[in-house]
Each structure stands twice: as C-alpha cells, then as structure tokens.
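Worksheet: one structure, shown below.
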Ligand SMILES: C[S@@+](CC[C@H](N)C(=O)[O-])C[C@H]1O[C@@H](n2cnc3c(N)ncnc32)[C@H](O)[C@@H]1O
C-alpha cells in the first residue's frame, strides 16, 4: 500500500524517479506490488481481472453505460481507489450506477476483486493502472461523478511535480465529466489542499460548491471513510472534503 512508498517520503530510489522524469508524464504513484499474494488472490488477478478490465485498445463505446453487464443509469469514476473501501461502498449503495475504478497498486486491486467476487457485483469495471489512460480513452461528457480521494502527497519538494491533481488532470476530468457532474477530492495535506484550490480557482469549468467551512470540514454522509483517511485520523491530521461542480 502506498504508505510504504516514496509517495509519502519512503523507499523509491532517486535514480528510479529521475529515470521516469524523462517520460513526458510523471509517475504519480508508488510501487505496484506489496506482499506476496495468496493462490486465491493470484487466481482473481488471472481470471476475474481480465473480465472486468477496460480494454483501452478498443475504442470506448459512445455511451459509457454500455461498459457494464447490468443496466446502469450513469457512470462514476474513482481515481486511485487504494484498498477499494470507497469504491465497493458506492457500488453496494448505488446498484443503478456503473463504477470505473483505477488503481495501479495490485494489492488494492485484489482486495476489490475479492469483494466483487464475494458480492457478485456487476456494476464495477477496473483499470489496474494509471487513471490518466482512462481519462484519455473515455468519451466526452460520459462521467457523472468522479472521486480523487487522498491522492499521494509526495511530500519531498523535488517530487511535488508528481502530485496527481494538477492542471493536466483537471483538463482530462473536465473533458470526460458531464456538465452538472460532481467531482469529489479529499486530502489531509494542507498545502496540497491549497494548491488544488488554486488550480481550481483558475479553472472556469469547475465551481467549488462550498458555501461555508462546514461544507469542506465535514465529510458528506455518502462519502465513507477510506483506509487512508483512517490513518490520517490516527496521526492527528484533519481532512478537507472538496466538492466541485463541472459547470
Ligand atoms: C494515498 S493512496 C489513497 C488511496 C485511497 N483513495 C484511500 O483514500 O484510501 C493514493 C492512491 O492513488 C493511487 N494512484 C496514484 N497515482 C495514480 C494514477 N495516476 N492513477 C490511478 N491511481 C493512482 C496510488 O497507487 C494509491 O493507491
């Protein structure tokens, strides 16, 4: 899980990061595998993931609701679902919504696959890799709600440019989100919240909907606490719950 990674100031080598700096899009996540998976978990990755994974080599359907086996009225997107607590909670609570979850950390993907398998969920599709690939692939105005919950903080100064929420991500989200759609962003890192709000301020396609402090200090009831937020609470950090409307 990401808390063991350099995204929080841990173990990725500078050489690895510097090599990646040569790529046009900087890697925004830490390592992709954690502990050794059980045979059951390996089986889920081998057999279930290919059935649920988006095929980005094919063009996306013009109507994104067609991506799901069950009928859905609209499609939501979660970027960086981590252990998947929020993704699975939303899928259980909103049976008529299709959810696309993106997460390159395979241990998290396996957790979600386990729940999907156990509950027989038919309204979740996955991309076990960089969400920005999916943002490029999805049709315009296809997503009614998007979530970016606790993006990796990348606390070292020289890694700040790896932070996922930046102008390029907002461009991608603005294109794929429906007018009137809602974007939810959570963070427990005060300076990240500040730079995000600055990025949104210069972005006419999104409107921060908060009218008073309670609107960003109190977690909405349909936003379950994620594993990463549990950790922030344990370590005494307060979260910001930022809700934006795609104008
Ligand atoms: C700090 S964790 C938070 C996980 C989860 N949202 C939570 O609140 O518990 C950030 C997650 O974002 C994922 N991530 C980072 N960059 C990403 C990207 N470009 N596309 C998809 N996921 C990404 C990481 O792998 C990591 O699991």
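The values are calculated or read from the model by the stated rules, or taken from the named source; none is laboratory data. Source: prediction; values computed, not measured. As a convention, Cβ positions derive from the backbone with ideal geometry for all residues, glycine included, and neighbour counts pool all protein chains shown.
Structure data summary
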read-out: Only one of 241, 228 that is closer than 15 Å to residue 86 by Cβ and either assigned to a helix (DSSP H, G or I) or modelled with pLDDT under 95 (or both); value: 228
read-out: From the options 171, 152, residue that is within 11 Å of the ligand (Cβ to nearest atom) and more than 22 Å from residue 71 (Cβ to Cβ); value: 152
read-out: Test: residue in region 209-222 that is surrounded by 10 or more Cβ atoms within 10 Å (Cβ to Cβ) and under 13 Å from residue 153 (Cβ atoms); value: no
read-out: Qualifying helices (runs of 4 or more DSSP H) (wholly inside region 37-131; at least 2 residues being closer than 26 Å to residue 162 by Cα, within 14 Å of the ligand (Cβ to nearest atom) and within 15 Å of the chain's Cα centre (by Cα)); value: 85-93, 106-119
read-out: Among (1) buried (at least 19 other Cβ atoms within 10 Å of the Cβ); (2) not in a helix (DSSP H, G or I), the one test that residue 192 misses; value: (2)
